[in-house]
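Peer 1: Structure in structure tokens, see below.
The values are calculated or read from the model by the stated rules, or taken from the named source; none is laboratory data. A quick note: this is a predicted structure, and the numbers were derived from the prediction, not measured. Don't worry about glycine lacking a Cβ; one is built from the backbone with ideal geometry, like all the others, and counts go over all protein chains shown. Ligands, DNA and RNA are stripped out before the accessible areas are found, and what is left, the full protein with its side chains, is counted by its heavy atoms. Shrake-Rupley method; radii C 1.70, N 1.55, O 1.52, S 1.80 Å.
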Amino acid sequence: MMEDNSPKVISDKIPFYRDVRFLQVFFQILFLIGIVLLAGFLYSNMLNGLKKQGLELELSFLRTEAGFDISEGIEYESSDTYLKAFSVGVVNTIKVSIIGIFCATFIGFFFGIARLSSNWLVRTIASVYVECFRNIPVILQIMFWYATMLVLPAVDESISLFDSIFINVQGVYLPSLEGTAGLIPWLWYLLVGIILAIIVVLGLAAFRYFFEFRELHETDRPSFISNIIFGAKWVAAPIFLIVTIVGWFLTPEVPFELLQPELQRFGFVGGMNFSPEFTALLIGLTVYTSAFIAEVVRSGIQAVVKGQREAARSVGLKESQVLRLVVVPQAIPVIVPPLTSQYLNLAKNSSLAIAIGFPELFQIGKTMIGQTDQSILIFAMIMVSYLIMSLTTSAFMNWYNRSITRMGRSK
Amino acid sequence: MNENTTNDPIIICEDVHKWFDDFHVLKGITTTFKKGERAVICGPSGSGKSTFIRTINRLEEHQRGTIIVDGIELSNDLRNINLIRQEVGMVFQQFNLFPHLTNIKNITLGPIQVRKMSKKAAEEAALALLERMDIADQAYKYPAEISGGQQQRVAIARALAMEPKIMLFDEPTSALDPEMISEVLDVMRELAHSGMTMLVVTHEMGFAREVADRVMFFDEGVVIEEAAPADFFDNPQHERTKLFISQTLQH
């Protein structure tokens, strides 16, 4: 008798309830239906509740007069609409977030690198800074800085730095750059410079790509993009600079002037003013976030393996070159994702300004909620605004990270 | 002695000691390497052989004794350290290529930044080196895109691009798949015949027997035996050496 030694293969027709392909799709659809039902239930529940109170979701109130004052921000009067008032809040939030992100990044990188210093004193100071400021609630810090701002000297006894920055109980006064009558003609030169530069770069890149490197093998030939970068660096930048600088001297009036704040009878006039509320919020957010960014930077640098530094040293690079050419380029891709979430935290934490009365998005939204019966809608508007800002930041940072991370696909 | 070895000393080590905290890794190494000499350093793991060659370009600091490389004393003087690092090339077990740079940029980094060579000249030299390593076609790829054996050859090219007088190899084939070991050893063999002074930490006993002028055996931080390869392998003096050779050759 022959014995069958071939392995048994189970290949019956699979019933649908055991078929992996079917089950995957099935559960996803089930999940989706569940979510839609739940959302629908909550929404109709909310509408019913509002109806019982005699309220309806209605956007038209945005076109009515707001009737409240806002202490600072873009041009606005109390007779303007709610929509205008809301936009003042949006701009103020964006302003404090952008300046805050810029400063926090700078300070954070400084302390992050300082924490890895071989110098004991530098290292210790950086550690103390980081451990203090990231372990105290940020709202407390903001209120502390606000209290500090309010005990600064009076206007006529301002603390003066270099005779151009003045700090007093009304906030910080800085020189500002103002366009003059010469600005518009100069902008034309600027435009000409840009157009000229683009034409030259494209022409040069095309020439290099199609003629100069033609005989090279395709893989060795610099890409069209790299030719554009080459041109931008060596040709466009000089042309642009020359045109704009020549334009600067050809315009009858210097396009910009530096306006110094000046003490007059009723306080400082001219220049830029950061109110005590804005300053306190900015310092609070910047200091708090920079402590976290310092940690992000430190861990990013430490993530670069020791062998990389050793290899860099062994080809004779100096310590500063090791850091700049080998360590930092590898640390940046590690740093950027957590850095992005710190940026988002900073922007979201700016809503804590409600504690000190800086008129940002949440503060103004809160006032609007108090004056109208559209709390749900206004909350939704505020949330959507934060969401849009955050998603835009994320998208930009992701794009940045992709554009700098090129290490080749591993085999 | 090979045809390239001279009598001029290029590395002089006098009573070199090194501690890692309480652990005494190097317990007084005294030896001299001559220009053009090929020394293979072997020994069990933890014997201090890697640490020893790493002290020669100051990747590890020695705490007692003197090391003189090409007439320059390795002290705490930053200038001396940098000068010596320019004269000494190093190849690592894990290759340590810079992953964010293409292979050719890995090679030209040192010449451009340290030797202040023009980009064009550095690239020409790099391509010639890659040609010599038989991997010219990999120049514009990233390290992650090529095999381990190719990466190690790029790493050797990177070290050679600085035109060093001495090459240190720290277990250059230990992280490689068996079929890639020979391509790296071939390159090293070729380099040895060109007259380069080489200090090689390796377990490749065949390579040692064929290429080395001298085999040094490290154990517990001291050189317990050193001899020409023929004597070392066929007539070891020390019990510890005999044991090591019999164990290594079994594999």
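Peer 1: Kindly state which strands (runs of 3 or more DSSP E) lie completely within segment B:10-100 and contain at least 2 residues that are surrounded by fewer than 21 Cβ atoms within 10 Å (Cβ to Cβ).
Peer 2: Output list reads B:23-34, B:64-69.
Peer 1: Select from segment B:145-161 the residues that are farther than 9 Å from residue B:133 by Cα and open to solvent by 10 Å² or more (accessible area, probe 1.4 Å) and write down the one among them that is nearest to the other protein chains (Cβ to nearest Cβ).
Peer 2: So, considering only residues that are farther than 9 Å from residue B:133 by Cα and open to solvent by 10 Å² or more (accessible area, probe 1.4 Å), the one nearest to the other protein chains (Cβ to nearest Cβ) is B:145.
Peer 1: Quickly run through segment B:195-232 and pick out the residues that are within 21 Å of residue B:182 (Cα to Cα) and more than 15 Å from the chain's Cα centre (by Cα).
Peer 2: B:205, B:206, B:209, B:210, B:229
Peer 1: Shifting gears a bit: Picking from A:91, A:172, which residue would you name as being aliphatic (A, V, I, L, M), assigned to a helix (DSSP H, G or I), closer than 27 Å to residue A:75 by Cα and within 28 Å of the chain's Cα centre (by Cα)?
Peer 2: A:91
Peer 1: Do the conditions hold for residue A:105, that is, is it polar (S, T, N, Q) and touching a residue at least 40 places away in the same chain (Cβ under 8 Å)?
Peer 2: Yes: the conditions hold for residue A:105.
Peer 1: Can you find even one residue in segment A:180-192 that is surrounded by fewer than 13 Cβ atoms within 10 Å (Cβ to Cβ) and farther than 30 Å from residue A:245 by Cα?
Peer 2: No, segment A:180-192 contains no residue that is surrounded by fewer than 13 Cβ atoms within 10 Å (Cβ to Cβ) and farther than 30 Å from residue A:245 by Cα.
Peer 1: Further question: Just to be sure I understand the filter: pairs with C-beta atoms under 9 Å, separated by 6 or more residues or on different chains, first member in segment B:237-251 and under 17 Å from residue B:209 (Cβ atoms) and at pLDDT 85 or above, second member in a helix (DSSP H, G or I) and open to solvent by less than 70 Å² (accessible area, probe 1.4 Å). Which pairs pass?
Peer 2: So the pair list comes out as B:241/B:232; B:245/B:205; B:245/B:232; B:245/B:233.
Peer 1: Can you name every residue in segment A:16-45 that is open to solvent by 90 Å² or more (accessible area, probe 1.4 Å), among the aromatic types (Phe, Trp, Tyr) and over 40 Å from the mean Cα position of the chain (by Cα)?
Peer 2: A:16, A:17 - these are the residues of segment A:16-45 that are open to solvent by 90 Å² or more (accessible area, probe 1.4 Å), among the aromatic types (Phe, Trp, Tyr) and over 40 Å from the mean Cα position of the chain (by Cα).
Peer 1: Continuing with the same structure: Can you pull out the helices (runs of 4 or more DSSP H) entirely within segment A:317-411 that have at least 1 residues that are within 14 Å of chain B (Cβ to nearest Cβ), of a type outside the set (A, V, I, L, M, F, W, C) and open to solvent by less than 40 Å² (accessible area, probe 1.4 Å)?
Peer 2: In segment A:317-411, A:328-349, A:375-404 are the helices (runs of 4 or more DSSP H) which contain 1 or more residues that are within 14 Å of chain B (Cβ to nearest Cβ), of a type outside the set (A, V, I, L, M, F, W, C) and open to solvent by less than 40 Å² (accessible area, probe 1.4 Å).
Peer 1: I want to confirm something. Restricting to segment B:167-189 and keeping residues that are aliphatic (A, V, I, L, M) and surrounded by 24 or more Cβ atoms within 10 Å (Cβ to Cβ), which single residue is nearest to the chain's Cα centre (by Cα)?
Peer 2: B:168
Peer 1: Looking only at segment A:140-159, filter to residues that are within 24 Å of the chain's Cα centre (by Cα) and open to solvent by 70 Å² or more (accessible area, probe 1.4 Å); which one of those is nearest to residue A:302 (Cα to Cα)?
Peer 2: Only one residue fits best here, namely A:140.
Peer 1: How many of the residues making up segment B:112-126 are free of Cβ contacts under 8 Å to residues at least 40 places away in the same chain and open to solvent by 60 Å² or more (accessible area, probe 1.4 Å)?
Peer 2: The qualifying residues number 6.
Peer 1: List every residue pair whose Cβ atoms lie under 9 Å apart, where the two residues are 6 or more positions apart in sequence or sit on different chains, the first residue falls within segment A:304-316 and is more than 7 Å from chain B (Cβ to nearest Cβ), and the second residue, located anywhere, is of a type in the set (Phe, Trp, Tyr) and open to solvent by less than 10 Å² (accessible area, probe 1.4 Å).
Peer 2: Correct list of pairs: A:312/B:98.
Peer 1: Further, regarding this structure: If the Cβ limit is 8 Å and pairs must be 6+ apart or interchain, which residue in segment B:51-68 that is within 13 Å of chain A (Cβ to nearest Cβ) pairs with which residue that is among the small types (Gly, Ala, Ser) and crowded, with 17+ Cβ neighbours inside 10 Å?
Peer 2: B:57/A:314; B:59/A:314
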